[in-house]
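Engineer: Sharing a structure, written as structure tokens. Questions coming.
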Amino acid sequence: MINKKNIGEKVLLSGNEAIAQGAFEAGVSVASGYPGTPSTEILENLCTYGDIYTEWAPNEKVALEVALGASFAGARALATMKHVGLNVAADPLFTAAYTGVKGGLVIVTADDPEMHSSQNEQDNRNYAYAAKVPMLEPSDAAEAKEFLKIAYRISEEFDTPVLFRTTTRVAHVKGIITIGGTESSKATLGIEKMPEKFVMLPAHARRRRVELEKRMLRLKEFAETFPENRIEWGDKTRGFITSGVSYLYVKEAFPQASVLKLGMAYPFPDRMIRDFASEVDELFIVEELDPFIESHVKALGVECRGKELIPAMGELNSALVRQSITCEPARDLFEPVPIPMRPPNLCAGCPHRGIFHAISKLKVFVAGDIGCYTLAALKPLSSMDSCICMGASIGTAFGMEKALGKDSLGKIVAVIGDSTFMHSGITGLIDVVYNRGFSTVIILDNRTTGMTGHQPNPSTGTTLGGDKGAGIDIEALCRAIGVKHVVTLDPHEHENAVKVLKQEIERPEPSVIITRAPCALLPEMKKRKDKKIHTVIEANCTGCRSCLRIGCPAIEWVPLTPEEAKQSGYKETQKGHSHINMVMCDGCGQCAPLCKFKAIVVAGPGKGKTDG
């Protein structure tokens, strides 16, 4: 743990680690968030600092509301989420702009250009404009730490929540930072009743709306002298206005050029922009994703070039920026190295594989959701037909049911993970029950939030800090909602899973199937000593390839030429045989029942005994 005893020490931290350090130095006492790449590591690091309350909330809306409540009590508070999480938290965000704060409140939104781990590529700078709140945008880890502290000062000085935008590159690339001392909120800790400020009845909200506009005028003036909005003069032939990590790309591509770096992404320093533009021969706007800066600069009547040259999709880099501006052909820095294809796949032993293979046999439409199980959409499982956003699976299935009527009975299922169900699936299930639906919902309970790195969630009964508590009983919750038919099964037991699926999807009323088996990557699963590692008896293998249909990475196909087949004792027409990589095999046993020739057996002491 890094603490104030290390003041002045230089350390190598990622952007997310630096934000956690910045929160500690800023005197944050309450932090809430929902895990989501690229923001997850902020709270995972902050929870090690000891004196700061940190939690995983059920979703981002709750996280922001918890942080806002802490702010109302005079504490400095932090809410963290990835970019799509801010969509979930938008409701409290827009009203928090009206109420303002007491203790400083900062909301980290981690954008994901190139969609490395996301379903869309939205640019959350637009939220700052729409909600009328300031936004800071660091370029590297060192700025991430310092900017976060500045964000709390701005929050308290201007009585406003502050958005803090990072991107995948800033969040995960490491840099050298200097440990600083701690500060604290200027607000008094305690409960203070201020209904005119905190209760947004229309009469109060109208007055706060006026205050919001006055605040934005003060912030625009503040932006003109904000030290992190700075001009770096150089060659004035080309001038660049940029922000965030794009600033680094510009400096690498055009080290001699003049640059206006906007540390405050919103509101804009209009006079500074006009003055800078008047001094350069040609002005370029370099920014990732939307023409957010460019649109404002052009609205000021300033001539510039931006998205007609710079791509509006995906991540930028220095070579791409230089090529876009100069039209020079791209040059490889080194010869490309041939790399074998590595398509994304569910892990060996993943409990989700079994249930999706079972679903694939039913030829139903699968309304899917966000999680590692979304990979079931890929071949060979090919068992997911829609995926929109967190919690959308149940509503999507129900909507299809209502559109098609009774003809859809037995043809549609919704699939959702345990953490995602807690996040935003419960209300969808309530809708099904309340509005007399018959959708079948499959909740994949692997006892963790697998996709973002095995964080606990409300159903696991473990908190972010590792404390044990009461986990939410999913079966009891579903029954309390009004679902009469709730079945729990082991997804590794293939035949039973198929039987239960067929039974439940034909019910003319709501039903829930909970598939419960731990994620294969949980520490207790990796350490277990009772694994039934499997192997293939090659003499029994006919090359039918049935075992390959579940897409387990531990099962390999060994191709054979006719001559090799003959020499190995196979029929000359057999094109190959299956082989199980026993190092990768997790012993789940899903493959054995698929082989009707009993070629897949338990290895080791149990060799020769089929496991299925």
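The values are calculated or read from the model by the stated rules, or taken from the named source; none is laboratory data. Just so you know, these numbers come straight off a predicted model, no measurement behind them. Neighbour counts are summed over all protein chains in view; Cβ atoms, including those assigned to glycine, are modelled from backbone coordinates with ideal geometry.
Engineer: Being modelled with pLDDT of 80 or more, surrounded by fewer than 16 Cβ atoms within 10 Å (Cβ to Cβ) and under 32 Å from the mean Cα position of the chain (by Cα) is the filter here; which residues of segment 319-340 pass it? Write out each step before concluding.
Structural biologist: Taking segment 319-340 as the starting set, the residues that turn out to be modelled with pLDDT of 80 or more are 319-328, 337-340.
With the extra rule that they be surrounded by fewer than 16 Cβ atoms within 10 Å (Cβ to Cβ), the set shrinks to 326-328, 337-340.
Result: Val337, Pro338, Ile339, Pro340.
Engineer: All but one of (1) surrounded by 13 or more Cβ atoms within 10 Å (Cβ to Cβ); (2) out of contact with any Phe, Trp or Tyr (no Cβ under 9 Å at 6 or more places or on another chain); (3) modelled with pLDDT of 95 or more hold for Gly354; which doesn't?
Structural biologist: (3)
To keep it simple, each residue is scored yes or no on (1) among the acidic types (Asp, Glu); (2) surrounded by fewer than 15 Cβ atoms within 10 Å (Cβ to Cβ); (3) at pLDDT 95 or above.
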site	(1), (2), (3)
Val413	no, no, yes
Thr427	no, yes, yes
Ile443	no, no, yes
Asn446	no, no, no
Gly450	no, no, no
His454	no, no, no
Pro458	no, no, no
Lys484	no, yes, yes
Glu493	yes, no, no
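Engineer: Going by what's in this entry, would Arg206 be described as assigned to a helix (DSSP H, G or I) and either over 25 Å from Gln323 (Cα atoms) or under 35 Å from the mean Cα position of the chain (by Cα) (or both)? Let's see the steps before the verdict.
Structural biologist: Details: assigned to a helix (DSSP H, G or I): yes; either over 25 Å from Gln323 (Cα atoms) or under 35 Å from the mean Cα position of the chain (by Cα) (or both): yes.
Taking the combined requirement at face value, the residue satisfies it.
Engineer: Take the residues in segment 339-363 that are in contact with a strand residue (DSSP E or B) (Cβ under 9 Å, 6 or more places away or on another chain) and in a loop (DSSP other than H, G, I, E, B); name whichever of them is farthest from Lys499 (Cα to Cα).
Structural biologist: Only one residue fits best here, namely Ala348.
Engineer: If a residue counts only when it is within 19 Å of Cys372 (Cβ to Cβ), which strands (runs of 3 or more DSSP E) contained entirely in segment 424-530 have at least 2 such residues?
Structural biologist: Numbers: elements: 440-445, 485-489, 511-516.
So the answer is 440-445, 511-516.
Engineer: Can you find, within segment 251-276, the residue that is farthest from Pro134 (Cα to Cα) among those that are touching a Leu at 6+ places or on another chain (Cβ under 9 Å) and of a type in the set (Gly, Ala, Ser)?
Structural biologist: So the residue we want is Ala253.
Engineer: Just to verify a result, which residue in segment 230-279, among those that are buried (at least 20 other Cβ atoms within 10 Å of the Cβ) and among the polar types (S, T, N, Q), is farthest from Phe292 (Cα to Cα)?
Structural biologist: Here the answer is Ser258.
Engineer: Please specify each residue of segment 392-411 satisfying the condition of being under 25 Å from Leu86 (Cβ atoms) and either touching a strand residue (DSSP E or B) at 6+ places or on another chain (Cβ under 7 Å) or surrounded by fewer than 16 Cβ atoms within 10 Å (Cβ to Cβ) (or both).
Structural biologist: From segment 392-411, those under 25 Å from Leu86 (Cβ atoms) are 392-396, 399; that's our starting set.
The answer is Ser393, Ile394, Thr396.
Engineer: Also: Residue under question is Leu105, and the condition is that it be at pLDDT 95 or above, more than 21 Å from Arg215 (Cβ to Cβ) and buried (at least 24 other Cβ atoms within 10 Å of the Cβ); does it hold? Before the answer, list the steps.
Structural biologist: Details: at pLDDT 95 or above: yes; more than 21 Å from Arg215 (Cβ to Cβ): no; buried (at least 24 other Cβ atoms within 10 Å of the Cβ): yes.
No.
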